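As C-alpha cells, the structure follows; a few thoughts come after it.
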Amino acid sequence: MVLWLVAAVLVLLASGVAAVSLSTRPVVAAAVGAWGAVVGCLLGLPAVVAGLAGHASAVTLPWSMPLGSLSIAIDPLSAVFAAPVLVVGALAAIYGQCATHTGGIRHNPGWPWLGYDALLAAMIVVTIARNGVLFLLGWEVMSLASFFLVMNDHDKDHVRRAAWTYLIAMHLGTAFLFAMFARLGAGAGSLDFAVLGRFAATSPEATLVFLLALVGFGTKAGFVPVHVWAPDADTVAPSHVAAVMSGVMTKMGIYGLLRVFLLLGDAAAWWGWALVVVGAASGVVGVTFALAQQDLKRLLAYSSVENLGIVAMGLGVGVLGVAQGNPAVAALGFAGALLHVLNHSLFKSLLFLGAGAIVHVTATKRIDALGGVLKRMPTTGAAMIVGALAISALPPLNGFVGELLIYLGAFQGVAGTNDLAAAWPMRSLLVLAALALISGLAAATFTKVVGIALLGEPRTKAAAHAHETPRGMRAPMVVLATLCVLLGLGAPLALEAVRQAVLSLTPGAMVADVSARLVEARGQLVWVTVGGGMFLSLLGGLMLLRRWLLKGREVTQSGTWDCGYIAPTERMQYSGASFAEPLLRLFSSLLRPTAQLVLPNGLFPTYAKRHNDANEPFVDHGYRPIFQAFAWVAAHLRWVQRGHIQMYVLYIAATLIVLLVWKLG
Amino acid sequence: MQAWLDTLVVLLILTNLRLVGSSRLFACVRTVAVQGLLLGLLPVLVQWNTLTWRPALLAAGSTFLKAGVFPWLLRRAVRDVGLRREVDPVVGYSTSLLITMGLLGVTLYLGQRLPPAGLFESQLMTPVAIFTILVGLFLIVARRTAVMQVLGYLAMENGIYAFGMALAVEEPVLVELGILLDVFMGVFVMGIAIFNISREFDHIDTDRLSVLKD
Amino acid sequence: MTVAAPILHVLTALVASPLLLGVIRRVKAWMSGRKGAPLLQSYYDIVRLLNKGAVYSRTTTWVFRAGPMVGLAAVLVALTLVPLGGVPALMRFQGDLVLFAALLGLLRFFYVLAALDTGSAFEGMGASREIQFSALAEPALLLGLAAMARTTHELSLSPMYDEISFDLVIAPSGAVMLVAVAFLIVFLTENSRLPIDDPNTHLELTMIHEVMVLDHSGPDLAFVEYTSALKLWVLGALLVGIAVPVRTDLWYLDLLAGVAGMFALAVVTGILESTMARLRLSRVPQFLVAAVVFSGLALVLVLR
C-alpha cells in the first residue's frame, strides 16, 4: 500500500519539474504544477485510507542510504498525518492555480509550483520515512520548499525579512533534530527507526531526547515561545501556501513528537506535564495575540499557535493518562489531540483560503478596512463563517469534537473515582482553565473576523468593490466547509478514523482497556450527533415558522436604527480594534501594546487619532536582545576580517600549529 | 468541633482573596479584622475539649489586638488621611486575584508534601498558613499606599500565627507574643507616620517617597 | 425515575420561563413602590411581536436574520441537557456539560454576529462587551462544573445534580457553596442582570444585551425575548439544583421543588436587582474574575 504514496511523491516531483521546464508557456506550467499536485494527492489516498483502517504496510527499497536502509512504511499514525496533506494539498492546489491564473502572472509560475509540489512531496516523505536520514531529508526539503514559497514576493522588504526569519527558525529547529537523532542512533550504529535506541523513560538519555524533540519539533509546530516565525511567514506567503503551511505543515511537528514517543517506548509522566504547560501557554498566548491582530492573515497564523497548543494539551493529557495507567484519560487525550489535528487542518486552511480570496479582490489584509464582504462574496463569506464557527469549537461543527474529548479527558482526571485518576489533578485544572479561557477568547477573535470583515457596511472603497471569485477558488472552500460540517455531525465516524492511531500510541498492556474506552467515547459522540441533528432540525423548523409568520405581512427595508443620528456613515461602525480592546486590556501586561493618541483639542476639535499596534513581545524582549548580543559580538570580531589574503593564510597556519601542538604535545 | 476547622480555613482563604481583590481601604481594614477574629477562634475550635485558661487568655489577648486595636488604629489613620481607595496599584486587581489563586494552588501542592500537622484534622491548615504569609508579602510588593502595606504586614503576621498553631499549640503562643509586640510597634509607628507623611506631602505613596532616601 | 419527569420539566420550562421574567419585574416594581406590569406581560409581548411584520436594515444579511433562530434552537437543545434538581435531563451523557456550555457559546456567537451585521456603533459596543464578559464567565462556569464533577464523581449533569444533597451543600469545606456563588454571578452575567447589565436602561451607551438586539423586530424579536426567558431558565436550573438540594425519590416532588426553586430564584433576582447598583463597566471584569476565583477555589478545595 505504501507504494501508492511513493507514486504520489514521484508524480508530485515530476509535475513540479515539468512545470519549471514549461516556463515559456506560463499558463500551461501552472496547470501542470497544480493538476499534478491534485493527481499526486489522489494517488496517495488509497494508502492513507488503508492506513487509517489499521493496515500497516512497510517496504524497504533496495537503495543504499547512509546510516541504514531506505525503509518506508505507512501505519495508522502516519496515515492520520498524511491525510490532511493529501486532502488540503489537492484543494489548495486547485485554488492556487485559479488564484495565480486570474491574478496575472508576473514571474515564471513554474518555480512556485515546483516549490509547492516539493512541499507536499516532502511532507509525505516525512510521514512515511522509517529512517532518520530520510526523515531529516524530507524535513529539510519541506523547510526549504516552504521558504522559497514564502519568498514568492521577494521584491518586498518585509517579505524577505519574514522569509529569512522563517529560514533561520527552521534551521535552528532542525539543528536540535540532528542532535536528537545523533543521540538516538548513538548506540545502534544505524538510523533505521526499527533499531534506534530505546531508553528507559527515566534515563537521562530519554530526557535529553525528549527535550531536543520538544524544541526541534515544537519550532515547526509553533509552540510558544518558538512560534515567532509563524505570523510573519504565513502572512506574506501566497494564501494557498499559507493554508498548507499553517493548516498542515505545522502538524508535522506534532507528528515528529509522537513518532519520537513511539521510538522511545515509554514516556515519563513529566513529559505530559511539560506538554500540558507548553500547550496551555501556546493556547492562551496564541489566542490573545490573535485577538489583538489587525491583519487578517496574521490573526489566522496566531490562531494556529493557539490550536497547536490545544493539540499539545491533548497529547499531554494522553501521556499523563498512560503514565498513570488510566486508560480513559489516555484514550480521550490522544483521540482528542489527533481529531483536533485533522479538524484544524480543515478549518484553518478553509479560513486561509477565504482570507486569501478577500485579499485577492480587495487588495487589503486589514480587518478594519473591510466590511460588507459577505454581501459581495456570498459563497466565500458563508464558507468562512462555517470555518469561524468550527474554529471557535462550536457545535455541531468539527472543531467542537476534538476539544470535547480533551475536555472529557481533563474532567476524567478530575472526577475519576479511583485514586490513580486523582494522582495529578492539578494538571487537569490547568487544562480546564486554559481550554475554557481559550474558547471564550477564540469566540471573541472570530466574531471579530466575521463581524467586522464580512458583515456591516464596507469601510473602504476597496471593500465596496469586492466581488465573488471564480469557481475554481470557491469550490475548494465549499468542499472544506462541507467536510467541517460532516466531520462535526459524523463525529463518531471521525473518532473511528483515528482509533487505530490512538491504539498504536498506547503501550501494549493498555490497548484493550483503551480500546474499550474509545468505544465508550464513541457512544458519547453519538449524543453529540443527536444534539447536532436536533439543533439543525429545530433551526429548520424555526425557519419554516418564521417564513409562515411573515407570509403576507409587511416586511420593510430601512436603514439601521441610528439612535437619533441624522447622518450615519459607514465610518461610524464599530471597528475591529475597538471591538477587541476591552478584552485585550485585561491582557495588556502580556501583549504590551503601544498606542499613539492624539486627543481632540479646543472647542471645535478637528483632528483626533488613536492608533494601536499589536507587537510581538517575544521578539522585542526575547529574541531581538539575544540576536543583538550576537551581532554585537560579531561586530567586535570584525577586526579578524582584514581582507588580505596573507592574513587568512596566517590564520590557517596558526590553526595548524595550535592543532599540532595540542595533539602531539 | 474540628469538622468546622475546614470552614474556618476556607473563610480564611476568602478573607485573603478579598484583601487582594479590593481597592477600598476601609474594606481591607475590616477584612484584616475579620481575619484576626477567625484566627482567634482557631484555638477554641482545636482544643474545644481540653481548653485551659492560659492559652485561652493569650488567644483572647491577641484577638483583641488583631481584631480590635489594630483595625481601630488603622481606620483612624485612613480617615485622617482622607484616602478611600488605592487607585493605581503596582499589580491590577484582577491580575492580583489570579496570581493569588496560583499561590494557593502552589501552597496546596506543597502542603501535600509536608508532614501532616499533628493536632489538626484539617490538612488545609499548614498550606493556608503559608498562603496567608505569601499574600501578606504579595500585598507589600504589589500595593503602593502605606496603609495597604501595613495590612500586608498584618496578614503576614496572621499567617505566622496560623503556622504556629498548625505546628503545635502551646509553645508558639509565646513566640507569637514576641512577634505581636513587634507588629504592634510597627502598626503604631506606621499609623503615626502615615498621618504625618500625608500631612506633609498630601499623599502616602511609598513609591514617591523614595527620593527621600538620602 | 420515570421518563415522564424530564419531558414534563422541558414542557414546564417552555411554558413557564417567560413567567420568570414577569416575576422579576413584579418584584422590582414592588420594591420600588410601583404596582408593576401584569405577571403575564412577557407572554403578551411575545404574542404581540409574533403577530407583527418586520423591518430589516438594508445593511444586514442572512446572518442577521439567522441570529434569533440559531439562538432559540441552541437554547432549546441546551434545555434538553439541563437537569432541574433531582429531575434528570432528556439527554444525558458523559460530557454533556461541555456541550451545554458550547451551545450557550453558539447562541452568543450568533447574537454578536447579528449585532455587528447591522453596522451600528451602539450594537458593536454591546457586542464587544457581551463577548468580553462571557469570555470570563465561561471559565467560572466550567471550573465550577469541574468542582461538582470532582465532588460527585460524575461527568454528566443529571447524575451530578442527582448526587447533591443537603449535607453536601453545607459540608464544612464549603466547596459546593462557593460553586453556587460563582454560578449566581454567571447567572446574573449571562442573563444581563444587575449589577452587570441593566435590562431596563434606556440609554444605548450603557446597555449590553438590549443594545445588541436593537434592530430586531417582529417575530425575530419575539424569538429573542423567548430565548432570554429560556436562557434564564437553563442557567437558573444549574443554580437551583445546588441551592435547593431537595432529592426525594418521588419525581413529582423533585419537579415541584425545582420549579418552586426557579421562582424563588426569580424573586431573589428581583430583590438583588432592586438593591444593587450597576457596576462601572471597567469594574465588571473584576467581578467576573471573582467568580472564576470562587470556582477555582472550590475546585482546588475538592481536588486536594
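The values are calculated or read from the model by the stated rules, or taken from the named source; none is laboratory data. If you're wondering where the values come from, they're calculated on a predicted model, not measured in any experiment. FYI the Cβ positions are ideal-geometry reconstructions off the backbone, even for glycines, and counts take in every protein chain you see. Please note that ligands, DNA and RNA were not included when accessible areas were found on the heavy atoms of the full protein model with its side chains. Shrake-Rupley method; radii C 1.70, N 1.55, O 1.52, S 1.80 Å.
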Just to make sure I understand: if all protein chains stay in place, what is the order of A:Lys251, C:Lys35 by accessible area at 1.4 Å, largest first?
C:Lys35, A:Lys251
List the lysines whose Cα lies under 22 Å from the Cα of C:Lys231, skipping any in the same chain that are fewer than 8 positions away.
C:Lys28
Around A:Pro568: net Lys/Arg minus Asp/Glu count, Cβ-Cβ under 11 Å
-2
Over 22 Å (Cα to Cα) among A:Lys297/A:Lys348; A:Lys251/A:Lys348; A:Lys251/A:Lys448; A:Lys348/A:Lys461 -> A:Lys251/A:Lys448; A:Lys348/A:Lys461
Computed for the protein assembly as shown: size of charge dipole around the Cα centre, +1 on C-beta of each Lys and Arg, -1 on C-beta of each Asp and Glu, debye to nearest 20, value 1940 debye
Estimated buried accessible area (total), pair A and C, 1.4 Å, Å² to nearest 100
6600 Å²
Packing-based order for C:90-101, A:513-524, using average beta carbon neighbours within 10 Å, highest first
C:90-101, A:513-524
Mean-position separation - Cα centroids, segment A:1-48 and segment C:222-274, in angstrom
62 Å
Which angle between 0 and 90 degrees, to the nearest 10, do you get for helix C:41-50 versus the longest principal axis of chain C when only C-alpha atoms count?
50 degrees
Heavy-atom accessible area, 1.4 Å probe, ligands and nucleic acids excluded: residues of segment A:508-531 down by at least 10 Å² from chain alone
A:Gln524, A:Trp527, A:Val528, A:Gly531
Calculate what fraction, in whole %, of the accessible area of segment C:1-84 sits on carbon and sulfur atoms when a 1.4 Å probe is rolled over the protein chains.
69 percent
Dipole magnitude (debye, nearest 20) for segment C:4-303, charges at Cβ of Lys, Arg, Asp, Glu:
640 debye
Inter-chain shielding metric for A:446-452, i.e. average beta-carbon neighbours from other chains within 10 angstrom, reads 6
Given charges at Cβ of Lys, Arg, Asp, Glu: the protein assembly as shown dipole, positive-most of A:Ser64, A:Leu120, A:Gly318:
A:Leu120
Over the alpha-carbon set of segment A:267-332, work out the extent along each principal axis and list the three values in angstrom, largest first.
45, 18, 13
Per-residue Cβ counts within 10 Å, from other chains only, averaged over C:256-269: what number is that?
0
Restricting to bridges with both residues inside the protein assembly as shown, how much of the DSSP beta-bridge set is antiparallel, in percent to the nearest 5?
80 percent
Per the C-alpha gyration tensor (a ≥ b ≥ c, the square roots of its eigenvalues), segment A:465-600 is rounded if a/c is under 1.5, else prolate if a/b beats b/c, else oblate; here it's oblate
Put +1 on the Cβ of each Lys and Arg and -1 on the Cβ of each Asp and Glu in the protein assembly as shown; which of C:Leu256, A:Pro600, A:Leu583 then has its Cα farthest toward the positive end of the dipole?
A:Pro600
Taking a ≥ b ≥ c as the square roots of the Cα gyration tensor eigenvalues, with a/c under 1.5 meaning rounded and otherwise prolate when a/b beats b/c or oblate if not, segment B:24-110 comes out oblate
Distance in nm between A:Ala58 and B:Arg79 label points, each 7 Å along Cα→Cβ, equals 8.3 nm
C:Arg48-A:Phe618 pseudo-label distance in nm [points 7 Å out on the Cα-to-Cβ vector]:
5.6 nm
Name the shape class, rounded, prolate or oblate, that the alpha-carbon gyration tensor gives for segment A:29-174, where a ≥ b ≥ c are the square roots of its eigenvalues, rounded holds for a/c under 1.5, and otherwise prolate holds if a/b is larger than b/c and oblate otherwise.
oblate
Heavy-atom accessible area per residue, the protein assembly as shown, 1.4 Å probe: how many Å²?
38 Å²
Restricting things to Cα coordinates, could you compute the convex hull volume per residue of segment A:500-547 in Å³?
58 Å³
Convex hull volume of the Cα atoms in segment C:1-149, per residue, in Å³?
168 Å³
Mean projected area, convex hull of alpha-carbon positions in chain C, reported to one decimal in nm², is 15.2 nm²
Let me know the volume per residue of the alpha-carbon convex hull for segment A:618-664, in Å³.
94 Å³
Where in segment C:145-163 does accessible area fall by at least 50 Å² between the isolated chain and the complete protein assembly, at a 1.4 Å probe radius?
C:Arg150, C:His153, C:Leu155
Subtracting the Cα-Cα distance from 0.36 nm times the residue separation, let me have the gained length for A:Arg642 to A:Ser537 in nm, one decimal.
30.0 nm
For the protein assembly as shown, what is the calculated [θ] at 222 nm in deg cm²/dmol (nearest 500), taking -39500 (n - 2.57) for each run of four or more DSSP H residues and dividing by its residue count?
-24000 deg cm²/dmol
Expected field for A:His644, accessible surface area in Å² at 1.4 Å probe radius, rounded to 10, holds 100 Å²
Take the protein assembly as shown, compute every pairwise Cα distance, and split them into 20 Å bins from 0; I just need the percent in each bin.
11, 38, 36, 14, 2, 0
Measuring from its Cα centre, segment C:1-119 shows a charge dipole (+1 at each Lys and Arg Cβ, -1 at each Asp and Glu Cβ) which, in debye to the nearest 20, is 540 debye
With the full set of protein chains in place, find how many percent of the accessible area of segment A:618-664 is carbon and sulfur; take the probe as 1.4 Å.
76 percent
Report D for segment C:167-284 in µm² per second (integer): Stokes-Einstein, Kirkwood Rh on Cα pairs, 20 °C, 1.002 mPa s.
135 µm²/s
Using protein chains only (no ligands, no nucleic acids) and a 1.4 Å probe, work out which residues of segment A:575-613 have their accessible area cut by at least 40 Å² relative to the chain alone.
A:Phe579, A:Pro582, A:Leu583, A:Leu586
